[in-house]
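Student: A single structure is presented below for examination.
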Amino acid sequence: MCPQCKKNELGEYPLEIGSVLTEKEIGIIEGILICTNPGCRCEYPIIDGIPIIVADIREFIRQSAYSIVKRNNFSEKIESLLGDCMGPGSMHDSIRQYLSTYGYDHYGDLDPGEPEDSEEKPGSILGLLSESLPKKIEPVDGPILDLGCSVGRTSFELSRIFNGMVLGIDLNFTMLQAAVQVLKTGIFTYPKRKLGLTYDRKIIKTDFMEDKNVDFWACDVLNLPFSDALFSFGLSLNLLDCVSDPYLHLQEIQRILKPGSTAILSTPYDWNQNACPVENWLGGHSQRSQAKGKSERVLRSLFAKGDHPHAIKNLELMFEKQNLPWTVRVHHRSYMKYSVHLMGLKKMRQQNKGKI
Ligand SMILES: C[S@@+](CC[C@H](N)C(=O)[O-])C[C@H]1O[C@@H](n2cnc3c(N)ncnc32)[C@H](O)[C@@H]1O
């Protein structure tokens, strides 16, 4: 539904396909979605096979302009020369670093070029995913939402595991382009950082090509363009501390889940003023308070039986795991090791009044 109408509290208006400009096997590559509200008619482009369904579409396009218009077929030598010229701190540089970090963790395990005996093996995200799921997988009766999917490995894995429809959403257009590339071609290509401005180009073959159950959209997890109670499973790995309003993120998860469905949330609570203002952090400050500034305590107190004034009343804490490893590779001499808190949450069948 239209995120602009939702934001302005005008009601739920579905989007319709306004134009299809390029279409391939996997779907619409270029096109325009239009809000059906005659008073809105906001246009949402589909670019490189990625529907961009965010409330402030102009701001998104402005922010993502570099990723949207950049060429991605330079030879490795020209790519490295451009990298040297644009220098550290440039958009080019931060995109390469981000692709390097998440590319390695999501697909590095499929790269035959990765040394077997490396101390920091890729794939910590797969470890977190397996900690998230029960031993016995029950079929789900509706779509699955992978929130903050980045380059998309967890979306492909969820589709395999549940044999169901999975939508991966993120706001980083370059990461979504890389995920869609896997969907289109089965190939994941990324620059793996060595040091400074030096990178190796990695080309990894996967068997995720044309998975008909997976799609990737650009959406804001703080204003999800979906009606209530639509999804049967939600996954939010390492996202809570990256959004500007973690509480709203939890409310949105609660809203879009079907009653009785599960959401998994993991976070290293790596609060950072650039991503989220201090007053919105869940813990990480006010250590004089009852929760002593402990983020896990504050988060726990928000669910179901908690008496927190802002309790998210319809999400019940089912299980939690502490200190799970999540490793983020910076370059070949630097890794960041996080200790992650993971929670399994269930949307209650009997809805508590007051909050959705
Ligand atoms: C720390 S990364 C984690 C990625 C992935 N889940 C993983 O664990 O490897 C957080 C991701 O959330 C995305 N993100 C941040 N804020 C978002 C928002 N408001 N809506 C959608 N995605 C967002 C970022 O672009 C990034 O890809």
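The values are calculated or read from the model by the stated rules, or taken from the named source; none is laboratory data. Here the structure is a predicted model, which means the values were calculated and not measured. Every residue, glycine among them, receives a Cβ derived from its backbone with ideal geometry; neighbour counts consider all protein chains shown.
Student: Looking only at residues that are assigned to a loop (DSSP other than H, G, I, E, B) and at negative phi in segment 42-54, which one is surrounded by the most Cβ atoms within 10 Å (Cβ to Cβ)?
Tutor: It comes out as ILE53.
Student: For the condition at pLDDT below 95, of a type outside the set (Phe, Trp, Tyr) and over 22 Å from ASN172 (Cα atoms), what is the one hit in GLN322, GLN350, GLN254?
Tutor: On inspection, the qualifying residue turns out to be GLN350.
Student: Sticking with this one: For ARG349, are the conditions met, namely being surrounded by 17 or more Cβ atoms within 10 Å (Cβ to Cβ) and either closer than 29 Å to ASP228 by Cα or within 14 Å of the ligand (Cβ to nearest atom) (or both)?
Tutor: No; evaluated as a whole, the condition is false for this residue.
Student: For segment 262-274, state whether one or more residues are surrounded by fewer than 19 Cβ atoms within 10 Å (Cβ to Cβ), within 9 Å of the ligand (Cβ to nearest atom) and under 27 Å from ILE61 (Cβ atoms).
Tutor: no
Each row is one residue, and each column tells you yes or no for (1) within 19 Å of LEU224 (Cα to Cα); (2) surrounded by 17 or more Cβ atoms within 10 Å (Cβ to Cβ).
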| residue | (1), (2) |
| --- | --- |
| CYS5 | yes, yes |
| ASN8 | yes, no |
| TYR13 | yes, yes |
| VAL20 | no, no |
| GLY27 | no, no |
| CYS35 | yes, yes |
| CYS40 | yes, no |
| ASP56 | yes, no |
| PHE60 | yes, yes |
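Student: Also, I was wondering about something else. Of the residues VAL278, VAL298, which single one is over 21 Å from GLY234 (Cβ atoms) and either in contact (Cβ under 8 Å) with a residue 60 or more places away in the chain or β-branched (Val, Ile, Thr) (or both)?
Tutor: VAL278
Student: Residue under question is SER130, and the condition is that it be assigned to a loop (DSSP other than H, G, I, E, B) and among the small types (Gly, Ala, Ser); does it hold?
Tutor: no
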